[in-house]
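A quick write-up on the structure given underneath.
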Amino acid sequence: MIHHIELYVSDLYTSRRFWEVLLIDHLGYKKYQQWERGISYSKGNSPYIVFVQAAKEKLLPAYNRTRVGLNHLAFSISDKKKLAQIRSELNSLGYKELYPEKYPHAGGKKHYALYFEDPDRIKVEVVLEN
């Protein structure tokens, strides 16, 4: 089992705004740890997620999910209405939805999911579990 996931971000403040809407407001996570250059969120026995401010000299080149490394993070949800609510809120806050013309089946006809980018363009998937 994965113990935790740690991501370096270009602007911790900006990243926190996005991730707290998704993790705390909609997916049931809570703040777990916090320090000057980072914060983590946990949910029950799930792996906790850590966000750390990257050093200024490490900001370039910018993150790109098609390079070697992390492609995306996927979270499961069990309620279609909640998924639609997440979509509506993230769009109203100006975050970039991916594949909006194919929502909710961008992953295929039998795959019901929502895709967004976080402020560093990390792809985030919220998938409906049957």
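The values are calculated or read from the model by the stated rules, or taken from the named source; none is laboratory data. This is a predicted model, so every value here is computed, not measured. Cβ: placed from backbone, ideal geometry, glycine included. Neighbour counts: every protein chain shown. The accessibility values were calculated without ligands, DNA or RNA, using every heavy atom of the protein model including side chains. Shrake-Rupley method; radii C 1.70, N 1.55, O 1.52, S 1.80 Å.
A compact table of results
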{"item": "Given (1) of a type outside the set (D, E, K, R); (2) on the phi < 0 side of the Ramachandran plot; (3) at pLDDT 95 or above, index of the condition N130 fails", "result": "(3)"}
{"item": "Condition met for Y48 (at pLDDT 95 or above and more than 17 Å from V126 (Cα to Cα))", "result": "no"}
{"item": "Test for S15: is it touching a strand residue (DSSP E or B) at 6+ places or on another chain (Cβ under 6 Å) and surrounded by 12 or more Cβ atoms within 10 Å (Cβ to Cβ)", "result": "yes"}
{"item": "Scan of the range 59-77 for residues that are modelled with pLDDT of 95 or more and among the small types (G, A, S), ordered by number", "result": "A74, S76"}
{"item": "Filter result for the condition that a residue is open to solvent by 70 Å² or more (accessible area, probe 1.4 Å) and free of Cβ contacts under 8 Å to residues at least 24 places away in the same chain, over Y63, Y32, Y8", "result": "Y32"}
{"item": "Of all residues in the range 66-80 being among the aliphatic types (A, V, I, L, M) and out of contact with any Asp or Glu (no Cβ under 8 Å at 6 or more places or on another chain), the one that is surrounded by the fewest Cβ atoms within 10 Å (Cβ to Cβ)", "result": "V68"}
{"item": "Within the range 47-59, considering residues that are open to solvent by 30 Å² or more (accessible area, probe 1.4 Å) and touching a residue at least 12 places away in the same chain (Cβ under 8 Å), the one farthest from E89 (Cα to Cα)", "result": "K58"}
{"item": "Candidate set: the range 91-117, residues that are touching a helix residue (DSSP H, G or I) at 6+ places or on another chain (Cβ under 7 Å), among the hydrophobic types (A, V, I, L, M, F, W, C) and open to solvent by less than 60 Å² (accessible area, probe 1.4 Å); chosen: the one nearest to N130 (Cα to Cα)", "result": "L114"}
